[in-house]
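Have a look at the structure below, then the notes.
The values are calculated or read from the model by the stated rules, or taken from the named source; none is laboratory data. Source: prediction; values computed, not measured. Quick reminder, even Gly has a Cβ in these numbers, built from the backbone with ideal geometry, and neighbours come from all protein chains shown.
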Amino acid sequence: MRRPRIQSIDDAQPTAAATAVDSLQRGLEALRCFGPGDDALDVAELARRLGLSKPTARRLLDTLEQHGFLLRVPGTDRFALHVACLIVGQAVLGSSVLVKAARPLLLQFAERFNVSVLACVQERNDMLVLAQAAAPGAPSGAPSAGMRLPLAGTALGHAWLWMQSAQVQADWLANLRSESGTGVSQAARVYRAFQELEERGVCQAPDASRRELTCFAAPVLLPDGILAVVGCMRADGGGRDRVRLERECSAGLAVLASEMRAEAGRQRARRSSASPS
């Protein structure tokens with residue numbers, strides 16, 4: 001399988017940072033500070049994560065609170081995400097061609113292979129889960145929609161990186177080397193994943209947080225140019241059936257990626273035909 005040529009997102013928006021409104025950008029960065037495990041954060045912690053002084057951070061937080069994006073915990077100096085964020089998130093999920101195309105296909109795949117399966121997109125240094133399904137007997141603790149998974153060193157990240165320009169790939173490998181000294185083992189894993197993707201459109205690697213699980217991943221280039229990645233996680237139980245199960249799961253994921261692209265195209269066509277001319 002040859003890698004399709006796409007334009008890097010980073011290359012397509014070279015002047016984004018130069019044209020951004022500074023206060024708006026800072027406010028959006030404040031919302032990004034909250035992760036799935038952050039019920040509420042105090043001003044000092046948010047200022048630290050933003051790299052701002054406490055007075056500046058407080059002004060941002062007060063503004064976001066006034067507009068319903070943050071909620072101050074009564075009697076404290078702590079803030080939590082509020083309903084306006086949910087409205088935006090629901091709008092994204094409700095209008096996403098990827099999510100609409102993925103949901104029924106993910107459920108069918110999960111039940112067929114008894115795995116957890118997800119569809120995600122790149123979000124800075126992470127892969128952001130947009131849709132997920134799990135069979136009743138699948139390993140527990142699978143990522144759910146809205147969670148972020150590390151891009152570096154994961155099968156999901158390798159599948160995303162394979163679709164990028166040579167310059168983006170070189171930059172990522174340089175970062176890996178700088179973070180781990182030589183980065184030889186990390187680079188070797190990336191190149192091995194690239195070889196797997198060239199041969200069968202799917203790569204695999206141990207799950208980043210649970211080594212007893214194996215994660216398979218395949219890129220999906222949607223008709224509108226958006227790049228997604230589908231991945232599944234299955235327990236590494238060993239035994240004589242291990243190779244067969246890996247082969248079947250890998251082949252099934254490649255088919256799933258193709259089906260998802262086709263269904264996204266149909267969703268896009270239906271939306272276009274329904275739009276007023």
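Here are the numbers:
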{"quantity": "Output for the stretch 59-68, where each listed residue is out of contact with any helix residue (DSSP H, G or I) (no Cβ under 6 Å at 6 or more places or on another chain) and within 12 Å of VAL43 (Cα to Cα)", "calculated": "ARG59, LEU61, ASP62"}
{"quantity": "Residue, nearest to MET147 (Cα to Cα), within the stretch 22-43, restricted to residues that are exposed (fewer than 13 other Cβ atoms within 10 Å of the Cβ) and small (Gly, Ala, Ser)", "calculated": "GLY35"}
{"quantity": "Residue identified as crowded, with 18+ Cβ neighbours inside 10 Å, at pLDDT below 90 and β-branched (Val, Ile, Thr) among VAL117, VAL97", "calculated": "VAL97"}
{"quantity": "Residue match in the stretch 56-68 (condition: outside the structural domain of LEU213 (by TED's automatic domain parsing), buried (at least 17 other Cβ atoms within 10 Å of the Cβ) and either under 23 Å from the mean Cα position of the chain (by Cα) or among the aromatic types (Phe, Trp, Tyr) (or both))", "calculated": "no"}
{"quantity": "In the stretch 69-103, the residues that are of a type in the set (Ser, Thr, Tyr) and closer than 13 Å to LEU41 by Cα", "calculated": "THR76"}
{"quantity": "Helices (runs of 4 or more DSSP H) contained in the stretch 161-277 and holding at least 3 residues surrounded by fewer than 18 Cβ atoms within 10 Å (Cβ to Cβ), modelled with pLDDT under 85 and out of contact with any Lys or Arg (no Cβ under 8 Å at 6 or more places or on another chain)", "calculated": "166-179, 242-274"}
